[in-house]
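Heads up: the structure comes next, in structure tokens.
The values are calculated or read from the model by the stated rules, or taken from the named source; none is laboratory data. Values in this document were obtained by computation on a predicted structure and should not be read as measured data. Methodologically, a virtual Cβ is constructed for each residue, glycine included, from the backbone with ideal geometry; neighbour enumeration extends over all protein chains shown.
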């Protein structure tokens, strides 16, 4: 909600990142207009990373902030990630989590399908089947949404047609761009984090954005695991070049993992003392 301290803090961080990126870009010799564009993308990537973290771990407001400094540093070191992929899975999470406090509109499903199609043509070949699973889960888990059966069917049909028309091809690796061991590290981070976060938050409950209804843990966990499965699929298929596109999402998972690991370690140390 707008009154949350964390919501105010992320807006302050947005402008801090904007100013820092402009300064770094100008120092590197970029013209001001190019620096301004880079700064806006950088600040947006940080903001969307925070938003994704809030959807992946809605019961803990502060866990989403752990990943933000590494995301900013990675942006400066690696370059621009896919903002479309970030936004796609934030909206997918909100659809399944029901964090907005309402059942998704049909227009929400249509928008996500359109975004999934765009991602397919940008070498994200597993976004559509993952979206179909989001729709199917939304249709099956209470409170059910029967329209999502149609959404899942249409998404699956569109994906099947695309596979016949445009065969997926793994992205070619550019030597020296990203170390080849990064995919293995990313796979471990995402898999380990998803499992650990699901375990330690299994008893945590929170309300939707309107503070009206308690979120269904099964939905929250399903969204988290579906995103992890999608990321693992894309990394296995796309290799090192896919890391360039989705590194904020990998870092977000790792940040939430570190937050909960730190909290649990502190609790155990207090019990011992």
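Checking residue 62 against (1) farther than 18 Å from residue 227 by Cα; (2) crowded, with 16+ Cβ neighbours inside 10 Å; (3) touching a residue at least 60 places away in the same chain (Cβ under 8 Å), which single condition isn't satisfied?
(2)
Just wondering, is there one or more residues in the range 19-33 that are within 24 Å of residue 255 (Cα to Cα), touching a helix residue (DSSP H, G or I) at 6+ places or on another chain (Cβ under 7 Å) and in a helix (DSSP H, G or I)?
Within the range 19-33, one or more residues are within 24 Å of residue 255 (Cα to Cα), touching a helix residue (DSSP H, G or I) at 6+ places or on another chain (Cβ under 7 Å) and in a helix (DSSP H, G or I).
Of the residues that make up the range 215-233, is at least one over 18 Å from the mean Cα position of the chain (by Cα), assigned to a loop (DSSP other than H, G, I, E, B) and either touching a residue at least 60 places away in the same chain (Cβ under 8 Å) or more than 24 Å from residue 97 (Cβ to Cβ) (or both)?
Looking through the range 215-233, at least one residue is over 18 Å from the mean Cα position of the chain (by Cα), assigned to a loop (DSSP other than H, G, I, E, B) and either touching a residue at least 60 places away in the same chain (Cβ under 8 Å) or more than 24 Å from residue 97 (Cβ to Cβ) (or both).
Has the range 183-201 got at least one residue that is surrounded by fewer than 16 Cβ atoms within 10 Å (Cβ to Cβ), out of contact with any helix residue (DSSP H, G or I) (no Cβ under 7 Å at 6 or more places or on another chain), outside any helix (DSSP H, G or I) and free of Cβ contacts under 8 Å to residues at least 24 places away in the same chain?
Looking for residues that are surrounded by fewer than 16 Cβ atoms within 10 Å (Cβ to Cβ), out of contact with any helix residue (DSSP H, G or I) (no Cβ under 7 Å at 6 or more places or on another chain), outside any helix (DSSP H, G or I) and free of Cβ contacts under 8 Å to residues at least 24 places away in the same chain, one finds none in the range 183-201, hence no.
Cβ-Cβ below 6 Å, separation at least six or inter-chain, first residue in the range 254-269 and in a helix (DSSP H, G or I), second at pLDDT below 95 and surrounded by 14 or more Cβ atoms within 10 Å (Cβ to Cβ): which pairs?
Matching pairs, first to second residue: 260/200.
Determine if the range 36-45 includes at least one residue that is farther than 23 Å from residue 117 by Cβ, at pLDDT 95 or above, in a loop (DSSP other than H, G, I, E, B) and touching a helix residue (DSSP H, G or I) at 6+ places or on another chain (Cβ under 8 Å).
Taking every residue of the range 36-45 in turn, none turns out to be farther than 23 Å from residue 117 by Cβ, at pLDDT 95 or above, in a loop (DSSP other than H, G, I, E, B) and touching a helix residue (DSSP H, G or I) at 6+ places or on another chain (Cβ under 8 Å).
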